[in-house]
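The values are calculated or read from the model by the stated rules, or taken from the named source; none is laboratory data. Only a predicted model underlies this, so the values are computations on that prediction, with no experimental measurement involved. Note that we place each Cβ from the backbone using ideal geometry, even for glycine, and neighbour counts take in every protein chain shown. Areas reflect the complete protein model, heavy atoms only, side chains present, ligands, DNA and RNA absent. Shrake-Rupley method; radii C 1.70, N 1.55, O 1.52, S 1.80 Å.
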Amino acid sequence: MRFLLDAETREFARSLDGMLGSTDTPGAVRAWAGGEHEPGRALWARLAEAGVFALAVPERYGGLGPLPVELAVAFTELGRHAVPGPAVETVAAAALLARLDAGGAPTTDGPADGLLPDIASGKRAVSLSITAPHGSAPAGGAGAYALDADAADAVLVADGDTLRLSRSCGPVQHSFDPARRLSEPGPGGTVLARGPAVTAAATHAADVAALMTAAQSLGVGKALLSATVEYAKQRSQFGVPIGSFQAVKHRLADTLLDLEFATPVVHAAALALGRSDPAAGREIAAAKVTAGEAAYRASHTALHLHGALGYTDELDLSLWIRKARPLRDAWGTPAACRARILSGVSAGWREEP
């Protein structure tokens, strides 16, 4: 089966690529890592104008969606340009609130009415912490952390069957990627909803977050490969470009194959999510592990072929290299994703006559 994007979606990707390419995203990433959010929020506003966040919000709340395929394409471009901020968490929060509203979950303050229109318009960036619905830590690789809570306009915490709006977060924790600023939400806050519908909506939101993280990883890997190919053309040893060496060609070709293989897997997962396919969770787990591992291997290739230059923080390439591993583990570690895939396969075997 072939998963090809239509002309309109490809043009949307090109427009985002052009817009982000004309912006100093490396500068915004470095400022974000230092706790200065203004350049990143300006970039956020431009993404909202392009309709990125509206893709996650139902039309009745001023959005365009939910449109998982278009969202995955957009988040691939966000990864390609290393856009900082809780973009994944914001669209996952939109998915959670929309699912709660559709399920008629009792709420105290009408969170969908209050937050979804602002998410669609880009007025609010929302961080989200979910108590590991698939046996893995959500945003940071360890513990129920919220990403960029210090920059978010709201922090939602889904803990079991309770959804609350956190009023405080702990200090920012160290991350391998300095632009991923992790904080542990404090106790208490306003309870927005309770009941089994919260658990179901949180599981759906975690799937959305995993898929968008996979798309981000795909974009990071593609950016790393592109930068490394250009460097291999320019750097010379023994009087010839290193890109002419067979070992280097093979390494770059393997990286390209990894990313080319991951691309349709991500798109297939987005299609499954959009169709509400019962197997969508396993499709998303497959996309997450495939894209995450491909980007992680691309970071190794970039680091090795750039040599000592690849270790320097001054080189913009380091911003992408540092993202690959945290994204691989965020919203579902490779081990957790593989376990989820295998559990579905085992269940299928048992059901056969």
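Below, the figures for the structure above:
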{"read-out": "Accessible-area order (highest first, 1.4 angstrom probe) of the listed residues 174, 37, 300", "value": "174, 300, 37"}
{"read-out": "Residue 293 - accessible surface, heavy atoms, 1.4 Å probe, Å² rounded to 10", "value": "30"}
{"read-out": "The chain - percent relative contact order, Cα under 8 Å, separation 6 or more", "value": "18"}
{"read-out": "Qualifying chymotrypsin sites (Phe, Trp or Tyr not before Pro) in segment 1-46, DSSP loop, other Cβ atoms within 10 Å at most 10", "value": "none"}
{"read-out": "Alpha-carbon Rg with Dmax, taken over the chain, Å", "value": "19.9, 71"}
{"read-out": "Pairs of lysine residues in the chain - Cα separation under 18 Å, sequence separation of 8 or more or cross-chain", "value": "6"}
{"read-out": "Set of segment 221-252 residues, backbone N closer than 11 Å to the point 7 Å along the Cα-Cβ line of residue 316", "value": "227"}
{"read-out": "Fluctuation leader among 262, 13, 209 - the chain, Gaussian network, Cα springs under 10 angstrom", "value": "13"}
{"read-out": "Most mobile of 160, 239, 65 in a GNM of the chain (Cα contacts under 10 Å)", "value": "239"}
{"read-out": "Sparse-neighbourhood loop sites, trypsin sites (Lys or Arg not before Pro) in segment 264-343 - DSSP loop, at most 14 other Cβ within 10 angstrom", "value": "275"}
{"read-out": "Check: the chain dipole with +1 on Lys, Arg Cβ and -1 on Asp, Glu Cβ, in debye", "value": "700"}
{"read-out": "Per residue, in Å², the accessible surface of the chain once ligands and nucleic acids are set aside, probe 1.4 Å", "value": "43"}
{"read-out": "Length gained when the stretch residue 261-residue 244 is fully extended (0.36 nm per residue, less Cα-Cα span)", "value": "3.7 nm"}
{"read-out": "DSSP bridge orientation in the chain - percent antiparallel, rounded to nearest 5", "value": "70"}
{"read-out": "Sequence of 319, 20 when ordered by accessible area, the most exposed leading, probe 1.4 angstrom", "value": "319, 20"}
{"read-out": "Protein accessible area in the chain, 1.4 Å probe - carbon and sulfur %", "value": "55"}
